[in-house]
Amino acid sequence: MKKVLIITYYWPPSGGGGVMRWLKMSKYLPEQGWLPIIYTPENPDASVNDESLLQEIHPDTIVLKYPIWEPYDIYRFLTGKKKETKFKAGYVSEASSGNWKSKLSVFIRGNFLIPDPRMFWIRPSIKYLSHYLNENDIDAIVSTGPPHSMHLIALGLKKRFPDIKWIADFRDPWTDIDFYDKLKLTNWADKKHKKLEREVLLKANHVVTVTPRWQEEFANIANRSIELVYNGFDHIDFENLSPDVDPKFSIAHFGSFNKDRNPESLWIALNKMLIEIPELKEYLSIQLIGQTDDSIIQSVKKAGLDKFLTCTDFLPHNKGVALLKKSQVLLLPINNAPNAMGIIPGKMYEYIALNRPILAIGPPESDSAKIISETNSGICKNFEDVEGITSTLQIYYNRFREGTLTTSLKSYQKYSRKNQTANLVKLLNR
């Protein structure tokens with residue numbers, strides 16, 4: 001069996017969206033002839049832990065761990081946060097509009113911690129993995145970012161071991177990521193980020209990303225071919241789920257819910273519906289599961305919807321999926337950011353596999369909207385389209401009252417994790 005070294009910051013027991021791509025990919029690699037060797041931090045400063053994900057690691061997987069030092073305790077000290085404080089997804093966006101201490105920390109993050117706060121792990125990792133590669137045969141290396149420090153580790157190894165093939169996997173963009181313009185970058189820092197990004201794009205044997213829009217954008221930066229391997233759903237996660245659905249008209253969101261995703265038009269639309277359809281008060285339920293930015297809670301309250309809101313800070317992935325299966329409508333807010341056209345949240349594929357109607361809020365011409373339309377799994381309305389969102393909710397609510405709120409999926413099996421892993425293996429086998 002061939003061996004692939006996968007360099008990733010996110011790995012169980014860390015939880016969240018960043019873990020899922022390579023946890024699931026590595027699960028299906030052995031049956032396609034590749035043994036995964038995971039390299040990951042021994043002590044990551046994870047925003048959330050999910051012990052249940054440990055059960056999904058393939059038994060043949062080799063896991064290498066090495067200690068990491070991250071400057072988050074300094075950030076906590078600067079901003080007056082407690083040592084045990086966990087950082088929510090999108091904390092840069094929140095801090096960039098905070099007090100002067102928070103703004104200073106963002107300036108330091110963008111201009112001195114390049115490409116990201118995990119930069120202090122790059123040199124020790126190159127040294128550790130060079131020793132490992134000298135003593136063990138490896139057929140390929142995969143680095144996955146963000147954090148993009150993982151790519152710089154692989155770049156360092158590529159310079160020392162030029163014959164080993166390297167795939168750079170971009171789950172999100174680098175200089176086109178949604179918070180890049182909020183990093184308060186100097187011209188020098190901006191050039192540094194772009195120089196490192198271009199070096200990775202040019203030196204890797206293959207570059208992979210997860211959406212067509214980003215595939216095109218990376219190709220323009222590097223003037224080379226970029227491969228597309230989507231995220232997806234793991235069919236095993238959806239076996240034996242209860243077919244029962246919520247008696248309430250429940251609108252549910254699962255996962256990190258940051259400030260840039262706050263669908264204010266949705267809260268306005270729901271408030272409008274409560275006035276026009278008084279009986280909705282008996283049925284409406286809003287369920288937010290996972291780390292939710294306080295600005296979203298305040299928007300819900302401002303719209304007079306707090307009595308219908310249930311927030312759950314954390315659920316293990318398997319329990320979250322089971323709860324979503326019972327929900328009437330699945331909420332998929334896209335980041336209202338310059339790169340919104342290319343964002344496909346990883347949870348979208350799981351929403352599709354759950355076979356419950358999706359309400360997506362983002363550009364109707366985006367990559368997300370195209371897949372939702374292709375799979376017949378829901379409707380996408382633009383950020384400010386209050387009337388369109390209201391109309392969609394009214395359709396969903398009427399079908400809910402009639403007992404006919406369902407979907408008729410099509411063309412969605414190609415987005416299974418197993419099939420997407422097969423696409424990656426084609427690259428590894430070249």
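The values are calculated or read from the model by the stated rules, or taken from the named source; none is laboratory data. Here the structure is a predicted model, which is why all the values come from computation and not from measurement. All Cβ positions, even for glycine, are placed from backbone atoms using ideal geometry, and neighbour counts span all protein chains on display. We work out accessible area using only protein heavy atoms, side chains counted, and drop any ligands, DNA or RNA first. Shrake-Rupley method; radii C 1.70, N 1.55, O 1.52, S 1.80 Å.
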- Item | Cβ-Cβ under 7 Å pairs, at least 6 apart or on other chains, segment 138-155 side touching a residue at least 24 places away in the same chain (Cβ under 8 Å) and in a strand (DSSP E or B), far side open to solvent by less than 10 Å² (accessible area, probe 1.4 Å) and among the polar types (S, T, N, Q) | T144/T8
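I want to confirm something. Restricting to segment 383-393 and keeping residues that are polar (S, T, N, Q) and surrounded by 18 or more Cβ atoms within 10 Å (Cβ to Cβ), which single residue is nearest to the chain's Cα centre (by Cα)?
Taking segment 383-393 and keeping what is polar (S, T, N, Q), we get 390-392.
Imposing the further condition that a residue be surrounded by 18 or more Cβ atoms within 10 Å (Cβ to Cβ) reduces the set to 390, 392.
Numbers: T390: 27, T392: 26 Å.
Ranking the qualifying residues of segment 383-393, first place goes to T392.
Taking the conditions exactly as written (of a type outside the set (K, R), touching an Asp or Glu at 6+ places or on another chain (Cβ under 8 Å), open to solvent by less than 60 Å² (accessible area, probe 1.4 Å) and in a helix (DSSP H, G or I)), does L427 satisfy them or not?
Yes, satisfied.
Of the residues I236, I221, only one is under 25 Å from N49 (Cα atoms), open to solvent by 10 Å² or more (accessible area, probe 1.4 Å) and assigned to a helix (DSSP H, G or I); which?
Values: I221 fails: under 25 Å from N49 (Cα atoms).
Going through I236, I221 in turn, the sole match is I236.
Applying the selection to segment 136-153, what residues are within 16 Å of Y10 (Cβ to Cβ) and either touching a His at 6+ places or on another chain (Cβ under 9 Å) or open to solvent by less than 20 Å² (accessible area, probe 1.4 Å) (or both)? First the steps, then the outcome.
Applying the first criterion (within 16 Å of Y10 (Cβ to Cβ)) to segment 136-153 yields 142-151, 153.
Scanning segment 136-153 gives V142, S143, T144, G145, P147, H148, S149, M150, H151, I153.
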- Message: Checking A303 against (1) touching a residue at least 24 places away in the same chain (Cβ under 8 Å); (2) closer than 22 Å to V19 by Cβ, only one condition comes out false. Which one?
- Response: (2)
- Task: Under 7 Å between Cβ atoms, at least 6 apart or on separate chains: pull out the pairs that start in segment 62-73 with a residue that is within 21 Å of F107 (Cβ to Cβ) and in a loop (DSSP other than H, G, I, E, B) and end on any residue that is open to solvent by less than 60 Å² (accessible area, probe 1.4 Å) and hydrophobic (A, V, I, L, M, F, W, C).
- Result: P71/L113
- Task: Take the residues in segment 403-424 that are among the hydroxyl-bearing types (S, T, Y) and in a loop (DSSP other than H, G, I, E, B), then tell me which one is surrounded by the most Cβ atoms within 10 Å (Cβ to Cβ).
- Result: Y412
- Quick check: anything in segment 359-379 open to solvent by 10 Å² or more (accessible area, probe 1.4 Å), closer than 30 Å to V207 by Cα and touching a Phe, Trp or Tyr at 6+ places or on another chain (Cβ under 7 Å)? no
- Message: What's the total number of residues in segment 154-175 that are closer than 23 Å to G346 by Cβ and open to solvent by 50 Å² or more (accessible area, probe 1.4 Å)?
- Response: 1
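Only residues that are under 17 Å from I141 (Cβ atoms), in contact (Cβ under 8 Å) with a residue 60 or more places away in the chain and not in a helix (DSSP H, G or I): list them for segment 11-32, please. Talk me through it step by step, then tell me what you get.
First, pick out the residues of segment 11-32 that are under 17 Å from I141 (Cβ atoms): 11, 21-22, 25-26, 29.
Next, only the ones that are in contact (Cβ under 8 Å) with a residue 60 or more places away in the chain stay: 21-22, 25, 29.
Matches in segment 11-32: L29 only.
Out of curiosity, is I297 over 16 Å from L393 (Cβ atoms) and hydrophobic (A, V, I, L, M, F, W, C)?
On the way: over 16 Å from L393 (Cβ atoms): yes; hydrophobic (A, V, I, L, M, F, W, C): yes.
Taking the combined requirement at face value, the residue satisfies it.
Does A269 satisfy the criteria of being of a type in the set (A, V, I, L, M, F, W, C) and either touching an Asp or Glu at 6+ places or on another chain (Cβ under 6 Å) or part of a strand (DSSP E or B) (or both)?
Spelling it out, it is not the case that A269 is of a type in the set (A, V, I, L, M, F, W, C) and either touching an Asp or Glu at 6+ places or on another chain (Cβ under 6 Å) or part of a strand (DSSP E or B) (or both).
Please report, ordered by residue number, the strands (runs of 3 or more DSSP E) entirely within segment 286-390 with at least 3 residues that are modelled with pLDDT of 95 or more and more than 26 Å from D176 (Cα to Cα). Full working, then the answer.
Numbers: elements: 309-312, 329-333, 358-361, 378-381.
Qualifying strands (runs of 3 or more DSSP E): 309-312.
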- For S242, all conditions in the list (1) among the hydroxyl-bearing types (S, T, Y); (2) open to solvent by 40 Å² or more (accessible area, probe 1.4 Å); (3) modelled with pLDDT of 95 or more hold save one; what is the number of the exception? (3)
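Do we find that E56 is at pLDDT 85 or above, acidic (D, E) and open to solvent by less than 40 Å² (accessible area, probe 1.4 Å) in this structure?
On the way: at pLDDT 85 or above: yes; acidic (D, E): yes; open to solvent by less than 40 Å² (accessible area, probe 1.4 Å): yes.
Yes.
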- Query: outside any loop (DSSP other than H, G, I, E, B), open to solvent by less than 80 Å² (accessible area, probe 1.4 Å) and closer than 24 Å to M20 by Cβ, is that true of D178?
  - Reply: no
- Extreme residue, nearest to G156 (Cα to Cα), among residues of segment 18-44 that are under 17 Å from the mean Cα position of the chain (by Cα) and either among the hydrophobic types (A, V, I, L, M, F, W, C) or surrounded by fewer than 19 Cβ atoms within 10 Å (Cβ to Cβ) (or both): W22
- Task: Check segment 323-331 and report whether any residue there is touching a residue at least 12 places away in the same chain (Cβ under 8 Å), under 26 Å from H235 (Cβ atoms) and touching a Gly at 6+ places or on another chain (Cβ under 8 Å).
- Result: yes
- Item | Failed item in (1) within 30 Å of K319 (Cα to Cα); (2) surrounded by 21 or more Cβ atoms within 10 Å (Cβ to Cβ), with A204 passing the rest | (1)
- Item | Given (1) part of a helix (DSSP H, G or I); (2) crowded, with 19+ Cβ neighbours inside 10 Å; (3) free of Cβ contacts under 8 Å to residues at least 60 places away in the same chain, number of the condition F400 does not satisfy | (3)
- Quickly run through segment 109-121 and pick out the residues that are of a type in the set (A, V, I, L, M, F, W, C) and over 23 Å from the mean Cα position of the chain (by Cα). F112, F120
